[in-house]
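Throughout, read-outs are computed from the coordinates displayed, never taken from laboratory work. Worth saying up front: this structure is predicted, and the values here are computed from it rather than measured. Please note: Cβ atoms are built from the backbone with ideal geometry, for glycine as well, and neighbour counts cover all protein chains shown.
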Amino acid sequence: MTDIPRISDFDVAGKRLLVRADLNVPTDGDTITDATRITRFAAGMRPLLQRGARLVILTHFGRPTAGDTSGEFSVDMLRPALSEALGVPVAFAETSNTAAALRQSNDLQDGEVLLCENLRLNAGETSNDFGYATALARLGDIYVNDAFSCAHRAHASTEALAHLLPAAAGPLMIEEIDALSTALDAPKRPSVAIIGGAKVSSKIAVLKNLVQKLDGIIIGGGMANTFLFANGAPMGTSLYEADQVETVAEIKALAAKSGCALHLPKDVIVAREFRAGARARVIDAYACPDDCMILDAGPQALAAFQNVLTDAETVLWNGPLGAFEVPPFDQSTVLLARSAADLAREGLATCVAGGGDTVAALNMAGVADDFTYVSSAGGAFLEWLEGKTLPGIAALSGPAKAA
Ligand code: AMP
């Protein structure tokens, strides 16, 4: 990924940088409940502003219907937080593709910032409409994509637009690509992935790609249940996918061919009901009673997984090992997260994690800051793990089209 142009290499003084950000922060009414996306984005933009860049910021926000005029999805409400994080006032363009927006972008002085209205209020955004992208392109001199989390979508602001202006990756995008490339494309070995979560069916492509690239995979969560079921284990009332037995066989065959060890739990935590504080017990992974469900990996499994990590030089994590939102079924996820964090903190392994649930689990374990890199991207992170080329990244190094 070294061939992607980086905005840090451009002369940005006096230039209008048309920056695709992901400022889709969680909110509760008019309150931003987690401003991490804004503060991380702003940290990368401040040096560019200091070098005399003029910023025109594009983002989506929520999932509005195109043309919605309720104001509910207006990005205007992000302005105070964005302004505080950038350390400069932020002007607002009520549309992203009109003469008024163009005038506002042309009026910007060095170090000034303009935030454009929610891209998804225009139907052309999600349909990757060339006309819409062309209107957006007039707002800038250089296009910067700083939204890795949106790079798996071929939308007007992530794909078409990149062909209409000189294009570059922004600081956050570069950080993300560098971290993921280190962990997946040329990992220090042994390299291990921890793949958990609810269903095998949602991560088939991830598992098939990873078994061919890494030395081992720790399988957890409902996904491990399906692997155990395929090995003949009774499932009681557990979450598992009976129709994925063949997929499991394919993944096992690929793993055997590539010399990738698959690690399944030897013991598990079961309960009769799925609720906080439910009475739970440890049993052999092949002994789930009819009226019980498997909700977490057991202590022996955890110790074995920790042992696998002891030797690892690269750890890649997506998905919890159990139903971690409901204690006591959070234990193996939290304790394995702490083990991985110890390795990262001591500089013994590169530990990269991603996906919404995974970030929540690492935060719960109090170790998100200790990981080498934590990606907040969900879909884009998974598609990267699948080995797919993301359209938003491909477009940055692709050929330019005439506007
Ligand atoms: P995913 O989105 O595929 O990463 O799945 C995450 C979800 O899987 C979380 O909500 C977990 O509670 C759930 N999960 C993990 N293990 C289990 C399990 N053994 N039984 C039920 N749900 C689980």
Residue hits (region 289-298; more than 11 Å from the ligand (Cβ to nearest atom) and surrounded by 16 or more Cβ atoms within 10 Å (Cβ to Cβ)) are C292, G298
Among helices (runs of 4 or more DSSP H) entirely inside region 154-252, those with 3 or more residues being closer than 30 Å to G44 by Cβ, charged (D, E, K, R) and in contact with a strand residue (DSSP E or B) (Cβ under 6 Å, 6 or more places away or on another chain) are none
Note: among A301, A344, A340, just one is in contact (Cβ under 8 Å) with a residue 60 or more places away in the chain and more than 10 Å from the ligand (Cβ to nearest atom), namely A340
When region 264-275 is checked residue by residue, the ones that are away from the ligand (no atom under 12 Å from the Cβ) and either within 20 Å of G197 (Cβ to Cβ) or in contact with a helix residue (DSSP H, G or I) (Cβ under 9 Å, 6 or more places away or on another chain) (or both) are L264, K266, D267
Those residues of region 194-209 that are of a type in the set (S, T, N, Q) and either farther than 23 Å from F329 by Cβ or within 9 Å of the ligand (Cβ to nearest atom) (or both) come to a total of 2
Within region 285-333, residues being of a type outside the set (S, T, N, Q) and closer than 16 Å to A349 by Cβ number 9
Taking region 1-47 and the residues there that are under 19 Å from the mean Cα position of the chain (by Cα) and basic (K, R), the one that is nearest to T182 (Cα to Cα) would be R40
The lone condition A186 fails out of (1) in contact (Cβ under 8 Å) with a residue 12 or more places away in the chain; (2) over 30 Å from V113 (Cα atoms); (3) more than 16 Å from the ligand (Cβ to nearest atom); (4) surrounded by fewer than 24 Cβ atoms within 10 Å (Cβ to Cβ) is (1)
